[in-house]
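Structure, as structure tokens:
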Protein chains: 2
Amino acid sequence: MKQKFFFYWILGLIISACSNAPETDHIENTSFLPSWNEGHSKSAIMDFVQRVSDPNHPDFIPKSDRIACFDNDGTLWAEQPLYFQLIFALDYIKKEAPNHPEWKDNELINQLLNGETEKVLSGGEKSILEIIMISHAGKTTEEFTQSVNDWLAHANHPKYNKPFTKMVYQPMLELLDYLRENDFTVFIVSGGGVDFVRTWAEEVYGIPSYQIVGSSLKVVYDMDSNGNPVLKKEANINFIDDGAGKPVGIHQHIGKKPIFSVGNSDGDYQMLEYTKKGPGKGFAMLIHHDDAAREYAYDSTSAIGKLVQGLKAAEGNQWVIVSMQNDWKTIFPF
Amino acid sequence: MKQKFFFYWILGLIISACSNAPETDHIENTSFLPSWNEGHSKSAIMDFVQRVSDPNHPDFIPKSDRIACFDNDGTLWAEQPLYFQLIFALDYIKKEAPNHPEWKDNELINQLLNGETEKVLSGGEKSILEIIMISHAGKTTEEFTQSVNDWLAHANHPKYNKPFTKMVYQPMLELLDYLRENDFTVFIVSGGGVDFVRTWAEEVYGIPSYQIVGSSLKVVYDMDSNGNPVLKKEANINFIDDGAGKPVGIHQHIGKKPIFSVGNSDGDYQMLEYTKKGPGKGFAMLIHHDDAAREYAYDSTSAIGKLVQGLKAAEGNQWVIVSMQNDWKTIFPF
């Protein structure tokens with residue numbers, strides 16, 4: 001009798017040791033998203049995730065369709081005073097200028113080297129793309145990755161004096177984990193360069209290279225001087241993953257409509273619209289940078305991360321607006 | 001004492017029940033790849049997979065870098081007497097012809113409707129693309145998926161009289177499973193249309209939509225008549241995932257060099273070269289259709305799946321050539 005009891009006790013151990021994440025924990029708010037203050041944003045996230053993950057709920061969505069898309073700049077990591085990829089490109093151009101006498105007559109490069117960043121940005125997307133192409137094109141994909149890694153190892157954010165890979169938002173890291181624990185597949189859908197983001201996103205966010213959608217230059221297949229295959233970046237745009245380009249990039253790369261999308265600027269408008277509008281269940285959220293004390297406060301007048309249309313339409317669209325000031329206990333992991 | 005023995009016995013049960021794929025089983029060939037005959041091809045596959053999966057082996061590769069790429073037509077499923085996507089397009093054009101009087105003057109469509117397939121194929125890639133565009137463009141991505149599903153539900157292969165989704169190679173299904181059991185991430189890298197393959201690949205191969213790279217038409221973001229977001233296929237090529245386009249597609253989509261690639265035609269040459277040549281460990285394999293009795297026998301003279309360059313260079317390239325006749329116990333699951 002005693003032995004039989006012992007057997008069942010051990011059997012219980014086996015079962016509990018082998019089972020995955022216990023389903024019953026889902027409603028204990030305090031153990032989830034710890035850097036989020038209790039309130040509408042956190043409740044809305046958890047309510048949605050619990051509904052679509054519960055096989056007995058009418059809103060249930062199978063695991064394979066639980067696709068979540070996150071913008072990167074200003075959503076997962078900071079983007080002020082300038083997109084970090086642009087800071088990388090500027091540092092690269094400054095360093096390489098002595099080896100490129102032909103750059104002397106380039107007005108844009110001269111503005112850059114003179115620190116006239118506002119003038120450069122006033123040229124809009126065209127100027128940004130020109131800087132990207134000057135600093136990225138002609139390299140093999142491996143050389144490019146190496147140059148990003150070299151930069152990341154030494155460069156620091158001008159305000160916080162921390163490596164750029166530390167400038168990620170702690171509440172968003174927790175949100176990525178929370179979604180993955182509930183069997184979502186998480187993608188980055190960035191206006192930034194896909195190869196730039198891939199360099200560090202696996203280590204920083206745990207997101208593999210093939211779950212990153214972004215802007216890109218064309219690449220061509222070639223052989224290096226040793227006769228080994230390489231891919232070379234050309235000075236030609238392949239794809240711009242911004243605005244109405246985001247749903248396009250999502251379709252071409254992921255092939256499924258997301259059910260959960262988060263952005264922070266008007267460049268994310270169509271991605272959120274695509275996720276939330278129409279038949280089906282979708283969740284759309286905007287991060288509002290309203291915390292001048294702990295980060296930056298900006299929206300309508302900012303050259304980087306401009307947000308007007310999204311805020312105006314958020315209520316009618318039933319999008320969740322996250323106030324960094326009110327909804328987040330901490331901003332950065334440091 | 002007896003109870004102590006019993007406790008350790010149960011403890012052993014717990015450990016074995018909770019551990020993942022037991023490492024020690026790797027060398028028992030009979031339990032792996034059961035539809036593969038013992039021989040060079042099977043040994044080469046298993047030897048490679050075991051080396052890169054063994055943390056104590058000098059050739060060990062971390063899980064996140066175990067990227068495997070498979071061509072689809074002629075590699076994972078059959079491609080004769082015609083790429084199945086072309087049969088879909090032909091059936092669609094035949095069905096829709098009465099509603100499109102403007103097609104009457106199109107020479108290519110007339111050849112198709114008259115069953116002059118060889119004439120059509122003699123037009124090469126240009127003609128194939130024209131057929132694809134006629135049958136695919138103008139649809140929303142959802143309408144396209146629906147039309148493929150409708151076709152798959154009724155169409156049968158002309159020789160085997162089976163649904164096309166049953167025309168997959170049993171040994172390759174086992175290879176996909178074997179790689180996944182060893183923590184490879186498996187991608188399809190197809191010359192065929194990515195949206196066509198996505199329609200059925202998750203169900204048939206267990207490969208999710210975002211692990212499929214393929215050719216594509218451009219899509220644009222738009223609103224339907226109800227004001228809901230849609231993506232519309234345009235009559236413009238976005239990307240041709242064939243030949244030197246395969247390493248390009250792999251880079252843009254996956255962002256990592258594969259360590260394991262399988263193809264069956266000269267359109268796969270550069271993908272295999274990219275995988276195997278140069279520094280690093282790579283495994284490249286060609287499926288040779290040499291089994292006229294059970295499937296088809298073709299290589300150098302075939303309009304579909306032509307294989308000349310690959311066979312010629314295989315030995316020098318250290319690529320494995322799979323003989324369907326000698327290496328495979330069965331061809332199809334039925």
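Computed from the coordinates by the stated procedures, all read-outs in this text should not be read as laboratory data. Since this is a predicted model, take the numbers as computed values, not measurements. Cβ atoms come from the backbone with ideal geometry, glycine included; neighbour counts cover every protein chain shown.
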Review point. Under the Kirkwood approximation applied to all pairs of distinct alpha-carbon atoms, what is the hydrodynamic radius of region A:125-171 in Å?
Key: 12.6
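Once the Cα gyration tensor of the protein assembly as shown is found, what semi-axes does its equivalent ellipsoid get, as square roots of 5 times the eigenvalues, in whole Å, sorted largest first?
Semi-axes, largest first: 40, 35, 28 Å.
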Check your understanding: Using alpha-carbon pairs under 8 Å, 6+ residues apart, how would you state the relative contact order of region B:84-154 in percent?
Key -> 36
Point to revise | B:SER323-A:ASN228 FRET efficiency (beta carbon distance; Förster radius 35 Å; 0.05 resolution) | key: 0.75
**Study point:** Principal axis box of region B:205-246, alpha-carbon based, largest edge first, Å
**Key:** 40, 28, 10
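Using helices alone, I'd like the mean residue ellipticity at 222 nm for the protein assembly as shown: each DSSP H run of four-plus residues gives -39500 (n - 2.57), total over residue count, nearest 500.
Taking each H run of at least 4 residues, the total per residue is -12500 deg cm²/dmol.
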Check your understanding: So what's Rg/Rh here for region A:177-334, counting alpha carbon atoms and using the Kirkwood radius for Rh?
Key -> 1.02
Practice item. Give the share of C-alpha pairs in each 20 angstrom bin for chain B, from 0 to the last occupied bin, in whole percents, shortest bins first. Key: 28, 53, 16, 3, 0
Point to revise | From phi via Karplus (6.51, -1.76, 1.60), per-residue ³J(HN,Hα) for region B:64-74 in Hz, x at Gly/Pro | key: 5, 9, 7, 9, 10, 10, 10, 4, 9, 5, x
Check your understanding: Given +1 on the Cβ of Lys and Arg, -1 on the Cβ of Asp and Glu, and no further charges, what dipole in debye does region A:261-300 carry about its Cα centre, rounded to the nearest 20?
Key -> 320
Practice item. Between copies, how far apart are the A:ALA303 label points? List them in nm, one decimal, shortest first, with each point 7 Å from Cα toward Cβ, please? Key: 5.8
Practice item. Would you mind putting B:95-105, B:133-143 in packing order, based on average other-beta-carbon counts within 10 Å, highest first? Key: B:133-143, B:95-105
Check your understanding: Considering only the label points, 7 Å along Cα→Cβ from Cα, what distances in nm to one decimal separate A:THR140 from the same position in each other copy, shortest first?
Key -> 4.6
Review point. Membrane-span-like helices in chain B: DSSP H runs reaching 15 Å or more (Cα, own axis), mean Kyte hydropathy at least 1.0?
Key: B:2-18
Point to revise | Other protein chain Cβ atoms within 10 Å, averaged over every residue that makes up B:214-227 | key: 3
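Less than 14 Å Cβ to Cβ from A:LEU108, Lys/Arg counted +1 and Asp/Glu -1: what total charge do the surrounding residues give?
Once all neighbours under 14 Å are counted, the net charge is -3.
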Revision key, fill the gap. Between A:CYS69 and residues 5 or more places away or on another chain, the pairs with built amide H atoms under 5 Å apart involve A:PHE187, A:PHE260, A:SER261, A:VAL262
Exercise for review: Please list, in chain and number order, the residues 5+ apart from B:TRP36 or on another chain whose amide H is under 5 Å from its amide H, with Hs placed from the backbone.
Suggested key: B:LYS329
Point to revise | Cα-derived Rg over Rh, computed across region A:122-233 with Rh taken as Kirkwood radius | key: 1.01
Check your understanding: Which value results when the Cα radius of gyration for region A:201-284 is divided by 2.2 N^0.38 Å?
Key -> 1.38
Check your understanding: Spin-label point model (7 Å from Cα, Cβ direction): what's the B:GLU142 to A:GLU315 distance in nm?
Key -> 2.9
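Shielding of A:278-286 by partners, i.e. mean partner chain Cβ atoms within 10 Å per residue?
Shielding by partners across A:278-286 averages 1.
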Review point. To one decimal in nm, how far is B:LYS166 from the same spot in the other copies, if labels go 7 Å from Cα toward Cβ? Please give the shortest first.
Key: 6.2
Check your understanding: Cα centroids of region B:57-104 and region A:150-200: how far apart, whole angstrom?
Key -> 35
Practice item. Compute the separation of the alpha-carbon centres of region B:114-128 and region A:266-334 and state it in Å as a whole number. Key: 52
Exercise for review: Once you've got the GNM for chain A with C-alpha springs shorter than 10 Å, pick whichever of A:ASN226, A:ASN56, A:ASN114 has the biggest mean-square fluctuation.
Suggested key: A:ASN226
Check your understanding: Counting only residues 5 or more places away or on other chains, whose amide H sits under 5 Å from the amide H of B:ALA235 once H atoms are built in the peptide plane?
Key -> B:GLY138
Review point. If you take the Cα Rg of region B:84-154 and divide it by 2.2 N^0.38 Å, with N the number of residues, what do you get?
Key: 1.08
Point to revise | Per-residue average of Cβ from other chains inside 10 Å of A:290-302 | key: 0
Revision key, fill the gap. A convex hull over the alpha carbons of region B:18-149 yields, per residue, a volume in Å³ of 211
